[in-house]
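Heads up, the thing below is written out as structure tokens.
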Amino acid sequence: ILCLPKLYMLYILEWENKMSDFIDIHCHILPGVDDGARDWEMTRKMMEIAWDEGIQTIYATPHYHPMRGKNDLHAWQIALEQIRQEAAEIGDGMEILSGCEILYQQDAVELLQDGKLMTMGDSRYVLVEFPLSSDYSYIVKGLHNLRLGGYLPILAHVERYRNLSSISRVEELVAMGIYIQANADCVLEGSGWLRGRHIRSLLKRKYIHFVGTDAHDDKIRKPLMKECKEYIDKLCGVEYGKAVCGGNARKMINKEIV
């Protein structure tokens with residue numbers, strides 16, 4: 001009987017770990033603005049899935065991309081206000097924050113400074129991607145330009161770039177002050193064995209700062225993070241799992257330096 005309080009506390013700690021405040025910093029959940037959620041019905045289903053996963057905060061990150069998005073900041077803001085009302089009905093405390101996934105181009109800094117592109121939650125953090133076949137020198141130059149402009153770049157889905165398949169190159173980016181985001185499904189080998197192996201090597205070296213879902217729908221690319229967090233806990237430890245699945249994003253929300 002005397003052991004019951006201790007066992008109870010262990011149960012509570014285990015439950016708290018499973019119910020961590022996951023924060024998804026990469027999600028195409030705004031309806032009808034890019035190749036993500038096609039309508040409000042899909043958006044609601046995606047939010048329900050996220051809430052059931054333990055994702056309490058989502059950055060809506062529509063593409064700023066000549067081929068994949070409408071690039072209409074006004075339309076994004078209207079959709080954000082509507083989706084926040086929907087989120088309040090799905091879960092008490094569920095938050096939808098502003099952001100976008102910027103396909104880097106030479107005028108990206110100017111567009112950000114002119115308020116024509118969204119940073120992550122009105123912070124200095126920006127989520128940025130490059131054409132997947134980009135030369136390493138082009139990626140470095142683009143990220144460096146964003147840093148010079150006063151922004152804190154987060155490189156989206158690092159596993160996809162052919163010219164970042166070398167751990168040493170990712171290490172160089174981290175040394176530059178670049179933040180690295182990986183997709184949750186890739187950690188679990190959902191994007192292929194080689195990609196998954198590369199990401200797990202980066203995780204072991206603590207070169208990944210954020211895990212995001214990069215969700216686009218409620219069927220194939222769903223906002224799932226729980227299983228990924230459990231895997232990272234086993235691979236790298238619970239504290240690092242908490243950091244990359246929510247803790248570092250919480251610092252971003254608070255406009256702190258990760």
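Here's the yes/no breakdown for (1) open to solvent by less than 20 Å² (accessible area, probe 1.4 Å); (2) among the aromatic types (Phe, Trp, Tyr); (3) more than 16 Å from the chain's Cα centre (by Cα):
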residue: GLU171; (1), (2), (3): no, no, yes
residue: VAL174; (1), (2), (3): no, no, yes
residue: PHE210; (1), (2), (3): yes, yes, no
residue: HIS216; (1), (2), (3): yes, no, no
residue: GLY247; (1), (2), (3): no, no, no
(request) Return only the number of the condition from (1) in contact with a Lys or Arg (Cβ under 9 Å, 6 or more places away or on another chain); (2) farther than 22 Å from PRO153 by Cα; (3) touching a residue at least 40 places away in the same chain (Cβ under 8 Å); (4) not aromatic (Phe, Trp, Tyr) that PRO223 does not satisfy. (result) (1)
(message) Being assigned to a loop (DSSP other than H, G, I, E, B) and either over 12 Å from LEU202 (Cβ atoms) or in contact with a helix residue (DSSP H, G or I) (Cβ under 6 Å, 6 or more places away or on another chain) (or both) is the requirement here; does GLY142 meet it?
(response) no
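Residue-by-condition table, conditions (1) under 23 Å from LEU188 (Cα atoms); (2) assigned to a loop (DSSP other than H, G, I, E, B):
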| position | (1), (2) |
| --- | --- |
| SER134 | no, yes |
| LEU146 | no, no |
| PRO153 | no, no |
| GLU159 | yes, no |
| SER168 | yes, no |
(message) Of everything in the stretch 18-37, what is at pLDDT 95 or above, hydrophobic (A, V, I, L, M, F, W, C) and under 19 Å from GLU129 (Cα atoms)? Give them in sequence order.
(response) ILE25, CYS27, ILE29, LEU30
(message) Name the residue that is modelled with the highest pLDDT, counting only residues in the stretch 176-192 that are within 21 Å of GLU101 (Cβ to Cβ) and open to solvent by 50 Å² or more (accessible area, probe 1.4 Å).
(response) MET176
(message) Checking the structure you have, find out if any residue of the stretch 124-131 is at pLDDT 95 or above, part of a helix (DSSP H, G or I) and not β-branched (Val, Ile, Thr).
(response) no
(request) Give the residues of the stretch 47-89 that are open to solvent by less than 40 Å² (accessible area, probe 1.4 Å), closer than 18 Å to LEU112 by Cβ and in a loop (DSSP other than H, G, I, E, B), sorted by residue number. (result) THR61, PRO62, HIS65, GLY69
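The values are calculated or read from the model by the stated rules, or taken from the named source; none is laboratory data. All of these numbers come straight from a predicted model, not from anything done at the bench. No Cβ is skipped: glycine too gets one built from the backbone with ideal geometry, and neighbour counts run over all protein chains shown. Note: areas computed on protein heavy atoms with side chains; ligands, DNA, RNA excluded. Shrake-Rupley method; radii C 1.70, N 1.55, O 1.52, S 1.80 Å.
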